[in-house]
Amino acid sequence: MGKLPVAGLSVFCLVAGLTTSLWAGHKRDWAPGTIVAMKSSECGAHVSAGNSVLGTVLGTQGESAKRQVVLCKDYTLRTDSTIYTIRPK
């Protein structure tokens, strides 16, 4: 009865050793690549209402809306077999 935990520990060590050795030989699923271009592209606009306390009191809060162009990052990535263009949603 006293040898059961030792046998269980031996089996655990054997399984852990085999799993680790098999995992070390695992081929990676990713391919190396190089970023060949980084640029900014227009992807929308941000409109701020420009509300202020004085504009609210005078009733002119909608007249001074400011429009600002939003730029998003745009990357071009090249691997051995494919060229990827990466943009945010």
*asked:* If a residue must be touching a Gly at 6+ places or on another chain (Cβ under 7 Å) and closer than 26 Å to H46 by Cα, how many such residues does segment 71-89 contain?
replied: 0
*In the list A45, A24, which residue meets the criterion of being loosely packed, with under 10 Cβ neighbours inside 10 Å and at pLDDT below 75?*
A24
*T79 versus (1) at pLDDT below 80; (2) β-branched (V, I, T); (3) touching a Pro at 6+ places or on another chain (Cβ under 8 Å): which is the lone unmet condition?*
(1)
*Do we have S10 as surrounded by 10 or more Cβ atoms within 10 Å (Cβ to Cβ), polar (S, T, N, Q) and modelled with pLDDT of 70 or more here?*
yes
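The values are calculated or read from the model by the stated rules, or taken from the named source; none is laboratory data. A quick note: this is a predicted structure, and the numbers were derived from the prediction, not measured. Here Cβ is always computed from backbone atoms with ideal geometry, including for glycine, and neighbour counts include all displayed protein chains.
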